[in-house]
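First up is the structure itself, then whatever we jot down about it.
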Amino acid sequence: MLTIKAIEASKPKAKPYKLPDYESLYLYITPSGTKSWRYDYQFNGKRKTLTIGKYPYISLSDARNEKDLAKQLLAHGRDPSVERKKKALLSNMAQGNTFSKIAMEWYESKKRSWSLSTRKTMLTYFEKDIFPYIGDMDISQIKPIEMLNCLKQIENRGALEIAKKMRQRCTEVFQYAIITERAENNPARELSKAMVTRTPKNYAFLIEDDMREFMKALQTYSGNILVRYATELLILTAVRTVELLRCKWEYVNFEKRYILLPETLIKKDRVHIVPLSKQAINILRFLHPITGNCDFVFPGRNNIQSPMSNGAILGLIKRLGFAKRATGHGFRHQFSSVLNEHDFNRDWIEKQLNHEEEGVRGVYNHAQYLEGRRQMMQWYADYIDSLTA
């Protein structure tokens, strides 16, 4: 066994050497004179070495205590070297255990799956609405009431959807902290029951008999022809009103019979392909000689450098006598209802509506279902025609 006197008397040599203590604990001395405690052991049949620390910072008695602790871990089937690294990692993490620090770690781990606009929006919400209230708090000490008070600040300004979204994101941050062993509870998880909920907005849409009446009125409409065909194309494509009105001729591909809406228009990190029925193609071919020299398929009445306003279609609906009975968004609802009732593939319908899918399926399912949607859109256009046949 080693003694303090033997340790102090040891000198560096040309090559590293060991001063053994007992049970595989020894002092390792380098040519530069550095002395460190090491413990050799076997784990799963492999020889390994645990570096305990430098002498004199780690005394002889401390080194023996660390060796005994390592032996206890081995007796329970745990690798001392791995456990030491884990302890050091947790210690480093504990030094930055605030909500804002962990939220930014979570953000860095997630941002690759988000578009640039989503990243920017997410940071803005955290910096404006969350960090000023709980950002500097130890994440393990945050209580549900403190999290709720933070979210109520968002609700109080009427931003109910933002409050709901940030509760979900904070739930993910706390879950990340639990996984990385820096928190034990998730105070944001159950708060939905204590938050204000918005009454769902039901967009007016037409049932079949009403749609028949509407289409007959639309076909005899004698007002602005661009507004009439914008409304008809809205029905035939099931795109959002803003997407149709901001559609440019450069997005229209007559040869491949589709409209390619870019990421900047649909505000997502992917394009949206809209297959066109024969009826939709005929409308666009009719309009091309009229507005083809403009950027937009449906340019504004007073300024052709801008798109037609949403109010134009709503005004037409009102003039046809369908105010409060139909809306531009309601045509999408009608589209979904009719096709689901006729047992069309749900994936085709959702992709045509450009709806996000939840969970893992939404991440991995990038299929466009283009040919299936072509058939579906032609059937739907024929169905619309049949209403006034």
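The values are calculated or read from the model by the stated rules, or taken from the named source; none is laboratory data. Small disclaimer: the values here were computed from a predicted structure and weren't measured. Every residue, glycine among them, receives a Cβ derived from its backbone with ideal geometry; neighbour counts consider all protein chains shown. These area figures cover heavy atoms from the full protein model, side chains too; ligands, DNA and RNA do not enter into them. Shrake-Rupley method; radii C 1.70, N 1.55, O 1.52, S 1.80 Å.
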Rounded to whole Hz and in sequence order, give me ³J(HN,Hα) for the stretch 52-59 from the Karplus expression 6.51 cos²θ - 1.76 cosθ + 1.60, θ = phi - 60°, writing x for Gly and Pro. 7, x, 7, 8, x, 4, 9, 6
Once the dipole of the chain is set up from charges on Cβ (+1 Lys and Arg, -1 Asp and Glu), the residue from the list Ile7, Leu25, Gly135 lying farthest towards its positive end is Ile7
Between helix 310-319 and the chain: long-axis angle, C-alpha atoms, 0 to 90°, nearest 10: 40
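With charges only on Cβ, +1 for K and R and -1 for D and E, what is the dipole size of the chain about its Cα centre, in debye, rounded to 20?
Value, rounded to 20: 1240 debye.
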Round to the nearest 10 and give me the degree value, 0 to 90, for the angle of helix 160-179's Cα axis relative to the longest principal axis of the chain. 30
The stretch 243-318, dipole about Cα centre (Lys/Arg Cβ +1, Asp/Glu Cβ -1), debye to the nearest 20: 220
Residue by residue through the stretch 225-231, which ³J(HN,Hα) values in whole Hz follow from phi under the Karplus form 6.51 cos²θ - 1.76 cosθ + 1.60 (θ = phi - 60°), with glycine and proline marked x? 5, 5, 5, 4, 6, 5, 5
Enter the angle in degrees (range 0 to 90, nearest 10) between the Cα long axis of helix 278-291 and the first principal axis of the Cα atoms of the chain, meaning the one along which they spread out most. 80
In order through the stretch 321-334: 3J(HN,Hα) via Karplus (6.51 cos²θ - 1.76 cosθ + 1.60), integer Hz, x for Gly, Pro: x, 10, 4, 6, 9, 9, 9, x, 5, x, 5, 5, 4, 4
For the chain, the per residue accessible area (1.4 Å probe, Å²) is 57
Run the helix sum for the chain: -39,500 (n - 2.57) per DSSP H stretch of 4+ residues, divided by residue count, reported at 222 nm to the nearest 500 deg cm²/dmol. -15500 deg cm²/dmol
May I ask for the distance between the Cα centers of the stretch 332-354 and the stretch 1-33, given as a whole number of Å? 78
Counting only protein heavy atoms and a 1.4 Å probe, tell me what percentage of the stretch 156-281's accessible area is made up of carbon and sulfur. 48
